[in-house]
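Written out below as structure tokens is the structure these notes cover.
Values quoted throughout were computed directly from the atomic coordinates according to the rules given, and no laboratory measurement underlies them. Keep in mind that this is a model prediction, so the values were computed, not measured. Here the Cβ is made from the backbone with ideal geometry for all residues, glycine too, and neighbour counts use every protein chain on show.
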Amino acid sequence: MKKLLLVQPTEESTLDLIHYSNSVLNTFKPLLPEGRLKEHLRSKKAINIPSLSLMILSALTPKDKFEVQFVDEKIESIDYDCEADLIAITTNTTIVNRAYEIATEFRKRGAKVVLGGVHSSVLPDEGLQYADAVAIGEAEHIWQKMLNDFLRGNLKGKYKAGKYVNMEHDYVIPDNSILKKEYYMFDTSIELSRGCPYNCSFCSNPIIYGNRYRTRDIEKVISQIEQTKSDYIFFADDNIIGKPKCAKTLLTELKKLDKRWVGSASVLLGRNPELTDLVIESGCKFLIMGLESTSREALAQIGKRQNFKKDYGKFVRYLQDNGVLVAGSFILGFDSDSTQTIREQYNYAQKQGFLFYMPGVLTPYPGTPLFNQLEREGRLIHKNWEKYNVRSGIPVFSGQNHTPEYLEQLENTVKTNGIHYFFGELQKPPKIIEKFTN
């Protein structure tokens, strides 16, 4: 039997964030009620979220032919001498340099290495400089072919999915048995849909998953949730209300379960009072909403005109008064931005009542229309992928208004707000903790 090792790389900024969060979490542990959430927050890796892609790979792997192991660099070091025969590494742009380092070390020891994920899907030729094969697109129509070719000693380099996965019939339940569950707040990740029709210029979602929502059978989603042991459920979808009718059915069924959940939703939720009430009644405790910018010019530039509505204050306060903590996710660094824009955006977030203001820097990830445009215009400063990080606060492209003063204020704003602001607010009892744990 062959040994398969699934690897989730991480980058230094994530490890720094985990160390920071751990010190903060220790300050409010006495405020928490008894129960599983308290136990998770006491764990030294409380903010970890399971890798959905690698759990899916494990579910697709025939266990009569492969012994599967999984290593998550956020919680343990990689043993390069583990004598695995095949190494599968997932990638996104921020962690891909680390993925290449890992691949190189394993290949030195004679193991075969395959890469997958968003970055490898859009830049497969780059990936092949470090690996024996690259998966392009969704794994469900690729993985078995790659494994069979590996067993025959005939990996072919590029494996491209010829079609999108039928989410109703072909979706496999992620194999969470590979996880060391004591290190995760959630014992799995729940996926309702893939794809997005909006084609925002900075987003990779429609490039990899297509420009329409493909949703799973709701009964199967609920069945998966019923089998989870965590009190809290994490929905991996970028927009859980992408198909309102489908979301309504899911949330109606979710109301019947004693679960709490965390996820992301479009601001279009604010135009649907019935769905908003279902979000509350179904147990949502934390919701991330992408407003992106307060500037109509910036929203038009990235193709997000659906966010033009300005006043969400009443809607946000309604959610939070009913126990749903709302994070407003924003982007800074547009050509039309200025130091005044940064101040205006922060003030706007406070006025709208968001408990969490989460700014990031506009980042042109490879394969996106934004990346292609900036590359054509010769405005990319470099292609050091680990610097392509929304949390860094440092743009990787030259902007029309990127003066030294603006860039300094931008970096300070992103680094002192965002996730650090989130953990700072957690130290202000009992406003946040009581709502999250009740």
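At a glance:
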{"item": "Relative contact order [Cα under 8 Å, 6+ residues apart], segment 190-437, whole percent", "result": "16 percent"}
{"item": "Under the Karplus curve 6.51 cos²θ - 1.76 cosθ + 1.60, θ = phi - 60°, whole-Hz ³J(HN,Hα) for segment 168-174, x wherever Gly or Pro sits", "result": "6, 10, 9, 6, 9, 6, x"}
{"item": "Extended-chain gain in nm, criterion 0.36 nm per residue less alpha-carbon gap, K156 and K245", "result": "27.8 nm"}
{"item": "Burial ordering of H141, H119, H382, fewest other beta-carbon atoms within 10 Å first", "result": "H382, H141, H119"}
{"item": "In sequence order, calculated HN-Hα J values of segment 129-144 (Karplus, 6.51, -1.76, 1.60; Hz; x Gly/Pro)", "result": "6, 10, 9, 8, 7, 10, 8, 10, x, 6, 6, 4, 9, 10, 4, 4"}
{"item": "Column: log10 I(q)/I(0), Debye, Cα scatterers of segment 190-437, q = 0.08, 0.16 Å⁻¹", "result": "-0.32, -1.25"}
{"item": "Inter-label distance for R109 and C82, nm, one decimal - labels placed 7 Å from Cα along Cα-to-Cβ", "result": "0.9 nm"}
{"item": "Phi to ³J(HN,Hα) by Karplus 6.51 cos²θ - 1.76 cosθ + 1.60 over segment 221-230, Hz, x for Gly, Pro", "result": "5, 4, 4, 5, 5, 4, 7, 6, 9, 5"}
{"item": "Cα-projected label distance for H169 with E297, points at 7 Å along beta-carbon direction, nm", "result": "5.1 nm"}
{"item": "Among 188-195, 252-259, the order from most to least packed when residues are scored by Cβ within 10 Å on average", "result": "188-195, 252-259"}
{"item": "Ranked packing of 89-96, 162-169, most packed first, by mean Cβ within 10 Å", "result": "89-96, 162-169"}
{"item": "Net +/- balance of residues flanking Y130 in space, Cβ distance below 10 Å, scoring K and R +1, D and E -1", "result": "-2"}
{"item": "Sorted by Cβ neighbour density within 10 Å, fewest at the top, the residues S201, S58, S177", "result": "S177, S201, S58"}
{"item": "Distance in nm between pseudo-label sites at E226 and N401 (7 Å out along the Cβ direction from Cα)", "result": "5.4 nm"}
{"item": "Unsatisfied cross-links (Cα-Cα over 32 Å) in the set K163/K229; K74/K108; K351/K383; K63/K255; K243/K351", "result": "K163/K229; K351/K383; K63/K255"}
{"item": "Extreme residue, positive dipole direction of segment 190-437, given options F334, L257, P395 (C-beta unit charges)", "result": "L257"}
{"item": "Highest-first arrangement of 282-292, 398-408, where packing means the average Cβ count within 10 Å", "result": "282-292, 398-408"}
